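These notes are about the structure you will find just below.
The numbers here are math on the coordinates, done by the rules we state, and not lab data. Being a predicted model, the structure only gives us computed values, none of them experimental. For neighbour counting, all protein chains shown are included, and Cβ atoms are generated from backbone atoms with ideal geometry for every residue, glycine included.
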Amino acid sequence: MGKMLKCRDVGVDCDFEAHGKSEAEILQKAAEHAKGCHQGVQMTPELVAKIKGAIKDGAAPAAGEILTARNKGVG
């Protein structure tokens, strides 16, 4: 079973979801997403710990779907 993370589960008003096979893959996708959509967010040890705590076991995304981002108010 894969892993998943929702931005909302970390306290952000954002519909981004990352799906992956491992915690490391989810952390990488979260860092890339934050860099592109949440300017100024730094991946501090505290934030990484919060993200790790929000990662859940979840079904793998549909074939060909790597990640989903439907951000509100993000340009």
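Across region 24-41, rounded Karplus estimates of 3J(HN,Hα) from the backbone phi angles (6.51 cos²θ - 1.76 cosθ + 1.60, θ = phi - 60°) give 4, 5, 5, 4, 5, 5, 5, 5, 5, 5, 4, 4, x, 10, 10, 3, x, 6 Hz, Gly and Pro being marked x.
If you place +1 on the Cβ of every Lys and Arg, -1 on the Cβ of every Asp and Glu, and leave all else neutral, what size is the dipole of region 2-68 about its Cα centre, to the nearest 20 Debye? Taking the Cα centre of region 2-68 as origin, the dipole is about 120 debye. Ellipsoid fit via the Cα gyration tensor, region 2-68: semi-axes of 18, 13, 10 Å, each the root of five times an eigenvalue, largest first.
Near residue 14, the amide H atoms lying under 5 Å from its own belong to 8; only residues 5 or more places off or on other chains count, and H is placed 1.01 Å from N.
Its relative contact order, with pairs defined as Cα atoms under 8 Å and 6+ residues apart, puts region 2-68 at 46 percent.
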